[in-house]
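Report on the following structure.
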Amino acid sequence: NSNRTSISHLHRQLYGRLYPVLLVKTDGSTVRLRYKEPKRILMLPLDSNTLPEAERKARLRRHFPSKPKAGPEDTFEGIDLGTYERFWKK
């Protein structure tokens, strides 16, 4: 009941504090609301089913880029060893 708080503290892990947040909807409109975490902007996820096919594939390419291709391996055949002779002193 209400008298309990005057005797001891509330035993809660989460408190009822809400923070003002700007919510950005998928169509670009914004709404101010109160959220449980202190954030500046909260964006709703875009529904990929409503997008055109070309834009959906472009978004997937950005989210999952292709693996980098392996370049040619470095070999020691093209190195002139005479330039490093000064480091081989006995």
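The values are calculated or read from the model by the stated rules, or taken from the named source; none is laboratory data. Note that the structure is predicted; figures quoted are calculated from it, not measured. Because the Cβ atoms are built from the backbone with ideal geometry, glycine has one as well, and the counts that use them run over all protein chains shown. The protein model used for the area step is the full one, side chains on, heavy atoms only, and it has no ligands, DNA or RNA in it. Shrake-Rupley method; radii C 1.70, N 1.55, O 1.52, S 1.80 Å.
Summary of values
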quantity	calculated
Per residue solvent-accessible surface (Å²) - region 12-65, probe of 1.4 Å	93 Å²
Long-range amide H partners of Leu46 with built H, under 5 Å	none
Label point 7 Å beyond Cα of Arg17 along Cβ direction - residues of region 27-48 with amide nitrogen under 20 Å	33-42
J(HN,Hα) series, region 68-82, from Karplus relation 6.51 cos²θ - 1.76 cosθ + 1.60, nearest Hz, glycine and proline x	x, 7, 6, x, x, 6, 6, 10, 8, 6, x, 8, 8, 6, x
Chain lengthening between Lys57 and Leu42 when straightened (0.36 nm per residue, less Cα-Cα)	2.9 nm
Charge tally in the Cβ shell below 15 Å around Arg40, where Lys, Arg are +1 and Asp, Glu are -1, Arg40 excluded	+3
Proximal lysines relative to Lys25, as straight alpha-carbon distance under 22 Å, when same-chain residues fewer than 8 apart are discounted	Lys36, Lys39, Lys57
Region 12-65, relative contact order in percent, only Cα pairs under 8 angstrom and at least six apart counted	29 percent
5 angstrom amide H check on Leu23, placed H, neighbours 5+ away	Val31, Arg32, Leu33, Leu42
